[in-house]
Structure formats: C-alpha cells, structure tokens
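The values are calculated or read from the model by the stated rules, or taken from the named source; none is laboratory data. Values in this document were obtained by computation on a predicted structure and should not be read as measured data. Ideal geometry is used to build each Cβ from the backbone, glycine not excepted, and the neighbour counts take in all protein chains shown.
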Amino acid sequence: MIRVAVAGAAGRMGETVCRAVEGAGDMELTGRADPQLGVALADVLGDAEVLVDFTQPDTIVENARAAVAAGVHVVVGTTGFDLDELRGLEGANVFVAPNFAIGAVLMMRFAAEASRHMARAQIVELHHDRKLDAPSGTAARTADLMEGDVPIHSVRLPGLVAHQEVILGDVGQTLTIRHDSIDRESFMPGVLLAVRKVGALTESPVVGLEHLL
C-alpha cells in the first residue's frame, strides 16, 4: 500500500484527490493537511510516502522542500510558481503536472505537432473564477511545447472548470484543438498514476504527465 497525504485537502481539488486515494485499492490516505482543517503539513508527513499538493503558488515550494527533507515524494498539481525553486532537492522525488487529465496531455501533444505545420497560433484558456494564476500552467506548458510565439488569452468566469482551445491559422484555413474538463474527476486517473510512479523516477523534478504515460 502506498501511504498518501494530501496538502490542500479542504479545497475542491484536494477533496477530490482524497476520495480518489481512498477508492484506490493500492493506496492508503494517511493525512489531510489544510489550514481550514487545522492540520499543518508537518503533522501528516511522518506517516506518508507520497504527498499530493494542491495548495497555492505561495506555499507549494515550502511544502515540497519540507516533504523532500522528510523523505516524502511529492506530486504537485499547484501551478503559477517558479519551477527552478524545486531543482536540486535531495532525499525524495518531485513530479509536477500542469494538467493531470489524459485528454489535456494529448491536446498539448497534438498542438505541438500542428504548430510545426501551421503559420501561427494562439491559445484561449478558460477556468473557474477562483483560479489564482493566469495564464494557466496548462496554457503556459502548451505554448512552451509549440513552435513560434504563441499568445495566451485567459478567461476567468463562474461555471467553468478547466478548458483550453489552441487555434492555429494558415492560408485559407484554421485548425482548432480543444480540451474540456467538465468535472474534476477527469484529473484523478493522472493523479493516481503519478502517485504510483513518482517514487521510481530516475531524475527530479519531472514536469508533465506525458513522461509517465
């Protein structure tokens, strides 16, 4: 059994992760850390092998450093922070995914390939109004993987979950690649995959779910 603790456990993503871990036959949920629950991260690291972090950009680096120092591997779903701050940590592995949905990973791959053959592209990403970072980590990652300069447009509205369009244009034609997460359950297969594989990584940090598929 993989012993898993969740940071940000009272948030919407955190609650969904906790349910997914509890429903996985090879995992045990050993701790839920969140200020709203009155539970500090240090209180849950002692029993965990893997920490799943869905907190905030201003806390993730400190959380990851504390976990690695305790010998606990980290799966990061938080975005909007400087990845360089997680480099050089020793004692455990760190895995970061801008998006854990399998369809989103495919969307990024298809967009990267299409950008090699189309003249220009832009990204429109749409998320719920409580998302703190803009552009999203998924959009930034997509743009990094694509050829050329790819502008990103961010939309934050209630009623949305996570959506992204990559629109490519060339002479007399456009190509649109779109992914929609209509429920946070869409991210859970990817989260559980990362929990299962983070301990076996041969380098750290690793960014992108495509490296585990």
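Just one of the listed residues (Asn99, Asn93) is touching a residue at least 60 places away in the same chain (Cβ under 8 Å), surrounded by fewer than 23 Cβ atoms within 10 Å (Cβ to Cβ), within 18 Å of Val206 (Cα to Cα) and polar (S, T, N, Q), and it is Asn93. Filter segment 55-74 down to residues that are in contact (Cβ under 8 Å) with a residue 40 or more places away in the chain and surrounded by 23 or more Cβ atoms within 10 Å (Cβ to Cβ), then give me how many there are. The qualifying residues number 4. With a requirement of 2 or more residues that are farther than 20 Å from Arg3 by Cα and of a type in the set (Phe, Trp, Tyr), none of the strands (runs of 3 or more DSSP E) lying completely within segment 43-108 satisfies it. Only residues that are buried (at least 17 other Cβ atoms within 10 Å of the Cβ) and more than 12 Å from Asn99 (Cβ to Cβ) were counted in segment 119-141, giving 6. Return yes when Val198 is touching a helix residue (DSSP H, G or I) at 6+ places or on another chain (Cβ under 9 Å), of a type in the set (A, V, I, L, M, F, W, C) and either crowded, with 19+ Cβ neighbours inside 10 Å or in a loop (DSSP other than H, G, I, E, B) (or both) and no when it is not. No, not satisfied. Take the conditions at pLDDT below 95 and either assigned to a helix (DSSP H, G or I) or of a type outside the set (Lys, Arg) (or both) and apply them to Glu185. Does it pass? Taking the combined requirement at face value, the residue satisfies it.
Residue-level check: of (1) in contact (Cβ under 8 Å) with a residue 12 or more places away in the chain; (2) surrounded by fewer than 20 Cβ atoms within 10 Å (Cβ to Cβ), Thr176 misses just (1). In segment 186-198 there is no residue matching the filter, namely being charged (D, E, K, R) and either touching a Gly at 6+ places or on another chain (Cβ under 7 Å) or more than 30 Å from Ala92 (Cβ to Cβ) (or both). Pairs needed: first member in segment 109-127, in the same structural domain as Leu157 (by TED's automatic domain parsing) and at pLDDT 95 or above; second member anywhere, part of a loop (DSSP other than H, G, I, E, B) and of a type in the set (Asp, Glu); C-beta distance under 6 Å; at least 6 residues apart or different chains. Hits for this filter: Ser115/Glu147; Arg116/Glu147.
When we screen Ala42, Ala10, Ala5 for residues that are touching a Leu at 6+ places or on another chain (Cβ under 6 Å) and surrounded by fewer than 18 Cβ atoms within 10 Å (Cβ to Cβ), the only hit is Ala10.
Of all the numbered requirements in (1) out of contact with any Ser or Thr (no Cβ under 9 Å at 6 or more places or on another chain); (2) closer than 25 Å to Leu175 by Cβ, Glu85 misses one, and that requirement is (2). Does Ile167 meet the test of being assigned to a strand (DSSP E or B), touching a Phe, Trp or Tyr at 6+ places or on another chain (Cβ under 7 Å) and not assigned by TED's automatic domain parsing to the domain that holds Val72? The answer is no for Ile167. For segment 142-161, the criterion of a residue being of a type in the set (D, E, K, R), assigned to a loop (DSSP other than H, G, I, E, B), more than 15 Å from the chain's Cα centre (by Cα) and surrounded by fewer than 20 Cβ atoms within 10 Å (Cβ to Cβ) is satisfied by at least one position.
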